[in-house]
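The next block holds one structure in the form of structure tokens; read it before the comments.
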Amino acid sequence: MITAQRGEDKEFDWIAADFSDPHTPERLVEEVISRTGQLDVLVNNAGMMMEAGMRR
């Protein structure tokens with residue numbers, strides 16, 4: 001499994017991705033194929049995380 005995200009992922013193989021760049025999806029597909037030889041499954045899943053400090 002390879003993930004595409006802004007920052008490092010210590011659990012999975014990952015590719016740095018800036019989705020505000022319209023060329024990013026094509027670059028990611030090319031990178032996955034380059035690393036693995038093929039692309040079997042693509043899951044398009046977007047999310048946003050909002051971090052907040054603890055209140056006491």
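The values are calculated or read from the model by the stated rules, or taken from the named source; none is laboratory data. Since the structure is predicted, the reported quantities are computational estimates derived from the model, not experimental observations. Don't worry about glycine lacking a Cβ; one is built from the backbone with ideal geometry, like all the others, and counts go over all protein chains shown.
Considering only the stretch 1-21, I want to know if a residue exists there that is at positive phi, surrounded by fewer than 11 Cβ atoms within 10 Å (Cβ to Cβ) and modelled with pLDDT of 90 or more.
no
Starting from the stretch 9-23, keep only residues that are under 17 Å from LEU42 (Cα atoms), then list their pairs with residues that are surrounded by 10 or more Cβ atoms within 10 Å (Cβ to Cβ) and among the small types (Gly, Ala, Ser) whose Cβ atoms are within a distance under 6 Å, requiring at least 6 positions of separation or different chains.
ILE15/ALA4; ALA17/ALA4
Quick one: would you say ARG56 is basic (Lys, Arg) and at pLDDT 85 or above?
Against the criterion (basic (Lys, Arg) and at pLDDT 85 or above), ARG56 does not qualify.
Go through the stretch 1-26 and report how many residues are within 11 Å of the chain's Cα centre (by Cα) and not in a loop (DSSP other than H, G, I, E, B).
Residues flagged as within 11 Å of the chain's Cα centre (by Cα) and not in a loop (DSSP other than H, G, I, E, B) within the stretch 1-26 amount to 10.
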